[in-house]
Amino acid sequence: MSKCVKTIPLSQVERISVAFAGGRSLAQVKAARGCDCIINGGLYDFGSGKPVSHLKVAGTVCAKEAWGAWGYAWNTGPDISMVPIPHEAAGKANYITCVPLLTPWDGIGAKLSYPAELGGKRGRTAMALTEDSLILYCSGDGTADRKTPEELRAELYALGAVTALMLDSGGSSQCDLGEGAVINSSRRVNNYICVWLKHNEKEDKPMDTKIACLDPGHGPDTVNGSPDGSYKEREFAWDMYTRVRPLLEARGVKVIVTRTENTKPSLTDRAKVSNDAGADLFVSLHTNAFGSGGWDAASGLLIYTSMAGDSAGRNKAAKAILARMEAAGVGLHSAGLAHNIEYTVLAKTNAPAVLIEYGFHTNKADVAILKDSAYRDKLARATAAGICDYLGVAWEDGTEPEKPQEAPWYAEAVAWAVAHGITADGSRPEDPATRAEVCQMLYNALKGRI
Ligand SMILES: [Zn+2]
């Protein structure tokens with residue numbers, strides 16, 4: 001894995017603390033502290049091993065500089081904010097500073113100031129705050145995700161960061177953000193940032209009940225659709241939700257939904273619905289678009305997750321759904337799996353999250369099948385089966401109530417014949433009749449009249 005990013009709502013942060021490494025590896029410190037997430041901390045002197053910027057840990061000032069700088073200060077963790085350090089952090093038990101990327105004074109357009117040796121494209125570690133969340137960021141040195149400090153700032157800004165602090169860079173970049181989001185480094189750094197998450201079990205949730213959060217994409221005023229206007233993405237998304245939901249509920253999965261048919265909540269609010277409910281999986285339902293407004297050749301189903309990583313829950317879920325899609329004969333767009341950390345609903349959900357683009361509404365053949373009810377049923381069944389596979393819920397075909405069968409064309413006549421004693425019970429209605437049976441029926445109907 002070359003990049004790991006985790007956005008944690010501050011309401012879900014239990015505690016943040018700085019842990020001195022004392023020669024231990026990141027994995028050793030994580031195991032010893034029992035934290036959920038860990039990244040390497042601020043700059044330190046490679047020779048002496050001492051931190052080279054302001055650092056206060058659990059009430060003790062561990063490093064002090066002549067200069068002041070913007071940094072993060074906090075007492076327990078959820079109260080974390082960026083303030084001038086050390087002047088305005090005296091009352092805080094902890095603070096850390098390094099290279100500020102975004103501050104209350106200097107936004108995305110400001111010139112960054114850092115020592116030349118910290119420039120260039122390197123692996124990077126950073127902490128950032130959005131309006132209501134903590135972002136932990138780590139990219140591996142020497143990977144395709146290495147960035148300049150300016151590029152890192154732009155990426156964090158795109159994720160919604162209002163303040164951001166670059167931590168130690170280059171070969172020291174390392175993390176374990178949970179769910180297999182791990183970047184290793186052999187470098188034993190001075191200190192690590194540890195984050196514990198709240199693990200609040202919902203009281204109304206029996207131990208073995210799984211919760212799936214379905215997110216029908218977009219809403220009433222969304223114009224996304226086919227070039228000929230015959231298909232609207234928002235209608236498809238809502239319809240797909242109404243098909244998937246009963247399939248999951250029939251198998252005991254609790255389903256929550258991010259919106260009603262006539263509302264269009266923000267992406268952040270959609271993630272919040274999932275987070276508040278403690279969902280086990282978040283699935284966003286969409287169709288895709290490509291090209292410049294007309295029909296285009298791009299086609300097929302594509303699932304997005306925020307980041308790669310085979311062992312991460314989001315990718316296990318995506319692969320479970322893809323396996324069911326392939327088994328159902330659904331055409332995929334290239335390998336069927338792609339990653340985009342800038343999709344808010346994928347970045348801000350605590351649960352593993354996937355976004356399914358069921359096909360391209362800019363492709364003529366895709367639109368034709370996406371409009372077809374039987375094809376939608378096939379997609380819904382594969383989606384629900386994949387969700388169950390991931391959640392460890394048994395999937396058996398036919399568990400859900402059968403759809404009421406449409407009455408055959410002769411049903412009324414058979415019922416009439418039975419009611420009038422012309423035929424005995426109406427059984428085997430499509431079998432051929434013998435001459436004797438025809439005579440018996442005529443006899444039953446006409447005896448005494450002719
Ligand atoms: Zn969409």
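Taken together, the values in this text are just the output of simple stated rules run on the coordinates, not laboratory data. Since the structure is predicted, the reported quantities are computational estimates derived from the model, not experimental observations. All Cβ positions, even for glycine, are placed from backbone atoms using ideal geometry, and neighbour counts span all protein chains on display.
Taking Cβ-Cβ under 4.7 Å as the only way to count a partner, pick out the unpartnered cysteines of the chain.
C4, C37, C62, C98, C213, C388, C439 - these cysteines have no disulfide-compatible partner (Cβ-Cβ under 4.7 Å) in the chain.
Under a plain spin-label model, where a point goes 7 Å from the Cα along Cα-to-Cβ, how far apart in nm are A411 and R33?
Result for the modelled spin labels: 6.6 nm.
What aspartates and glutamates sit close enough to K56 to cross-link, taking a C-alpha to C-alpha distance under 18 Å and skipping anything fewer than 8 places away on the same chain?
Here the aspartates and glutamates satisfying the reach criterion relative to K56 are D45, E65, D79, E88, D168.
What distance in nm lies between label points placed 7 Å from Cα along the C-beta direction at A158 and A424?
Inter-label distance under the simple model: 7.6 nm.
What does the charge dipole of the chain about its Cα centre add up to, to the nearest 20 debye, if the Cβ of each Lys and Arg holds +1 and the Cβ of each Asp and Glu holds -1?
Here the chain has a charge dipole of around 1000 debye.
If one takes the longest principal axis of the Cα atoms in the chain, at what angle in degrees, from 0 to 90 and to the nearest 10, does the Cα axis of helix 313-327 lie?
30
Taking every pair of Cα atoms in segment 308-450, average 1/r, invert it to obtain the Kirkwood radius, and report Rg/Rh to two decimals.
Here the Rg-to-Rh quotient is 1.31.
Round to a whole angstrom and tell me the spacing of the C-alpha centers of segment 131-172 and segment 303-372.
Going from one Cα centre to the other spans 26 Å.
Around K198, which amide H atoms from residues at least 5 apart in sequence, or from another chain, sit under 5 Å from its own amide H, with H modelled in the peptide plane?
Here the answer is V13, E14, since their amide H atoms fall under 5 Å of that of K198.
Please list, or write none, the aspartates and glutamates whose alpha carbon is within less than 12 Å of the alpha carbon of K316, excluding same-chain residues fewer than 8 places away.
E179, D389
Could you quote the convex hull projected area for segment 213-256, Cα atoms only and averaged over all directions, in nm²?
3.2
Looking at the chain, send over the antiparallel percent of its DSSP beta bridges, to the nearest 5. Let's see the in-between values first.
On the way: 55 of 74 bridges.
So the antiparallel bridges in the chain amount to around 75 percent.
Could you order peptides 126-133, 332-339 by the average number of other Cβ atoms within 10 Å of their residues, highest first?
Highest-to-lowest ranking by the protection proxy: 126-133, 332-339.
Expressed as a whole percent, how much of the Cα-Cα distance distribution for segment 188-295 exceeds 25 Å?
Tail fraction, whole percent: 38.
Can you give the log10 of the normalised intensity I(q)/I(0) at q = 0.08 Å⁻¹, computed with Debye over equal Cα scatterers of segment 3-197?
-0.21
Please list, or write none, the lysines whose alpha carbon is within less than 16 Å of the alpha carbon of K50, excluding same-chain residues fewer than 8 places away.
Those lysines meeting the cut-off are K64.
Using only Cα atoms, find the angle between the long axis of helix 233-249 and the longest principal axis of the chain, and express it within 0 to 90 degrees, rounded to the nearest 10.
Taking Cα atoms only, the helix is inclined about 80 degrees.
Among the listed pairs K264/K378; K198/K348; K198/K264, which are separated by more than 18 Å between their Cα atoms? Numbers along the way, then the final one.
Numbers: K264/K378 26 Å; K198/K348 15 Å; K198/K264 29 Å.
Too far apart for the 18 Å limit: K264/K378; K198/K264.
If one puts a single equal scatterer on every Cα of segment 94-221 and applies the Debye formula without solvent, what log₁₀ I(q)/I(0) results at q = 0.11, 0.15 Å⁻¹?
-0.50, -0.81
I need the calculated FRET efficiency for the pair A90 and D132, taking r as the beta carbon distance and R₀ as 22 Å, to the nearest 0.05. Spell out each step's value before the answer.
On the way: r = 26 Å, r/R0 = 1.17.
Here the calculated transfer efficiency is 0.30.
Go ahead and collect, in residue order, the members of segment 270-285 whose backbone nitrogen is under 18 Å from a label point 7 Å along the Cα-Cβ direction of A328.
Under 18 Å, as judged by backbone N against the label point of A328, lie 282-285 of segment 270-285.
Which semi-axis lengths, in whole Å and largest first, follow from the square roots of five times the eigenvalues of the Cα gyration tensor of segment 211-391?
On the way: eigenvalues 104, 64, 53 Å².
Taking √(5λ) for each eigenvalue gives 23, 18, 16 Å, largest first.
Using r as the Cβ-Cβ distance of A66 and S292, and R0 as 51 Å, what FRET efficiency do you calculate, to the nearest 0.05?
The pair A66/S292 has a calculated efficiency of 0.35.
State, to one decimal in nm, how far the label point of E150 lies from the label point of A338, with both points 7 Å from Cα in the Cβ direction.
According to this spin-label approximation, the distance is 2.8 nm.
Angle check, please: helix 149-158 long axis (alpha carbons) against the longest principal axis of the chain (alpha carbons), in degrees 0 to 90, nearest 10.
Helix 149-158 sits at roughly 40 degrees to that axis.
What does the net charge come to around L55 if you take all other residues with beta carbon closer than 10 Å to its beta carbon, with K and R at +1 and D and E at -1?
Working: positive: K50, K56, K64; negative: E65.
Neighbour charge sum, excluding L55 itself: +2.
Explain nothing, just the number: dipole magnitude of segment 63-127 about its Cα centre with +1 on each Lys and Arg Cβ and -1 on each Asp and Glu Cβ, in debye rounded to the nearest 20.
In debye, rounded to 20, segment 63-127 gives about 260.
Restricting everything to alpha-carbon atoms, can you work out Rg to Rh for the chain with a Kirkwood hydrodynamic radius?
Radius of gyration over Kirkwood radius for the chain works out to 1.18.
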